[in-house]
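See below for the structure under consideration.
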Amino acid sequence: MMQYDDSAFDAWMFTAHRPPLVFVEGRGSWLTDQDGGRFLDFVQGWAVNCLGHSPQVVVDAIARQAAKLINPSPGFYNAPALRLTRLIARHSGLQRVFLANSGAEANEGAIKLARKWGEKYRQGAYEIITMEHGFHGRTLATMAASGKPQWRGLFEPKVPGFPKVPLNDLAAVEAAIGAATVAVMLEPIQGEAGVVPAEDSYLRALRALAREHGILLVFDEIQTGMGRTGKLFGFQHTGVTPDIMTLGKGLGGGTPLAALVAREDVCCFDAGDQGGTFNGNPLMAAAGCAVMEALQQPGFLEQVAEKGDDLANRLQRLSRRHHLGEIRGRGLLLAMETGAIDASQVVEAALRRKLLLNAPRPGILRFMPALTVSQEEITHMIGLLDEILGSL
Ligand SMILES: *Cc1c(COP(=O)(O)O)cnc(C)c1O
């Protein structure tokens, strides 16, 4: 095995604290580090590897496509991107798809599309009402759209036009709507905020409110999409369809792939308004097609919902035994409130036991395993977590 001393990390620009681990291999729910240590992964690249690490269907799709055609230029159509846009359109009920390389970029595109639509059809309206504690990415506009309290005062001046309201407060949205409002944008379940669901009734009411005021409803489904909640898209639990939706994370099965998806009559970009060198490249699109097809296998989404219920029940029992708090979420996007226990301490202790967990906030543990996680792996994780909570 290759060994890494401190100097190996010298050239890596600091943006986050990382443990001195170097992962060299992944398979399913397991990661292997440079020393051969095997880690059970309930983070999965931040809910990105929906089929686990290096799933065969994605490996094969990429290998086949790489040997055939990597990038003909974004100025031309290519077969995998055509196939993927049609798959996403067919299953979402929205008609048009723009492929992007990251969630933030897809959201940036959604913001641009809404502003363009406002310019054309709502007398220059440009404000997008977004949610406190929401998370939409790390570009300048998506940071401004996000409601992370820690980002206040950072990278000023902020991109203007993102008034914030509290989640699940319909009256606050109503009060914030004015002549300049073009859209409301939110996550069906706030992921980074600690898995805080928007109530189904609230989403339905938002749909009606947006229609009444002639503004757009934008769902950021980057974390809740692609089967994560037990349905292909989170909005499918509610019976309402957004005008614009963004996808990312699970879409590429671990590869950088995202999408801006919209209703036909909202699509008003002129030539050159949106695009990029890597957008719609066939290599990532081939990965996306493989993921879409895997999620469409009979029974796949049902087993996500069942395993999600099972995991939630077992976390509930654990929470009761250790006098912790609420279990929240849907499908395999779950969180546990850790009460008096610092969740980041749990994450550190778990890492020492070779279990990867995530603490999006100080009192919250988040669970986002592969959608293909096995019962045995869930049992193994619960056992380790039980011991860790008992030891703290
Ligand atoms: C992860 C995430 C993003 C940002 O996606 P990137 O690919 O990291 O740019 C945006 N919105 C939500 C809801 C996310 O979970």
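Scanning the range 282-329 for residues that are assigned to a loop (DSSP other than H, G, I, E, B) and touching a helix residue (DSSP H, G or I) at 6+ places or on another chain (Cβ under 6 Å) returns a single hit, His322. Scoring Phe42 on the criteria (1) under 21 Å from the mean Cα position of the chain (by Cα); (2) over 14 Å from Glu377 (Cβ atoms) leaves a single failure, condition (2).
Please tell me if Lys164 is surrounded by fewer than 20 Cβ atoms within 10 Å (Cβ to Cβ), under 27 Å from Ala100 (Cβ atoms) and touching a residue at least 24 places away in the same chain (Cβ under 8 Å).
yes
Considering every residue within the range 194-209, establish whether at least one is touching a residue at least 60 places away in the same chain (Cβ under 8 Å), surrounded by fewer than 23 Cβ atoms within 10 Å (Cβ to Cβ), outside the structural domain of Glu306 (by TED's automatic domain parsing) and of a type in the set (Asp, Glu). No: the range 194-209 contains no residue that is touching a residue at least 60 places away in the same chain (Cβ under 8 Å), surrounded by fewer than 23 Cβ atoms within 10 Å (Cβ to Cβ), outside the structural domain of Glu306 (by TED's automatic domain parsing) and of a type in the set (Asp, Glu). For the range 368-384, a residue qualifies if it is over 14 Å from Phe39 (Cβ atoms), crowded, with 20+ Cβ neighbours inside 10 Å and of a type outside the set (Val, Ile, Thr), and the qualifying residues are Met368, Leu371. Residues in the range 85-140 that are of a type in the set (Asp, Glu) and touching a residue at least 40 places away in the same chain (Cβ under 8 Å) were compared, and the one that is farthest from the ligand (Cβ to nearest atom) is Glu127.
The single condition among (1) crowded, with 16+ Cβ neighbours inside 10 Å; (2) more than 17 Å from His213 (Cα to Cα); (3) over 23 Å from the mean Cα position of the chain (by Cα) that Glu132 does not satisfy is (3). For the range 281-298, the count of residues that are of a type in the set (A, V, I, L, M), touching a strand residue (DSSP E or B) at 6+ places or on another chain (Cβ under 7 Å), surrounded by 17 or more Cβ atoms within 10 Å (Cβ to Cβ) and more than 30 Å from Leu21 (Cα to Cα) is nonzero. Of the residues making up the range 303-333, those that are crowded, with 18+ Cβ neighbours inside 10 Å and without any contact (Cβ under 8 Å) to a residue 60 or more places away in the chain are Ala312, Ser319, Ile327. For the range 346-392, filtering for residues that are assigned to a loop (DSSP other than H, G, I, E, B) and touching a strand residue (DSSP E or B) at 6+ places or on another chain (Cβ under 7 Å) leaves 6.
Checking each residue in the range 43-57 for being among the aliphatic types (A, V, I, L, M), part of a helix (DSSP H, G or I) and more than 16 Å from the ligand (Cβ to nearest atom) picks out only Val57.
The values are calculated or read from the model by the stated rules, or taken from the named source; none is laboratory data. The shown structure was predicted, so the numbers you read here are calculated from the model rather than taken from an experiment. Neighbour counts run over all protein chains shown; Cβ positions are idealised from the backbone, glycine included.
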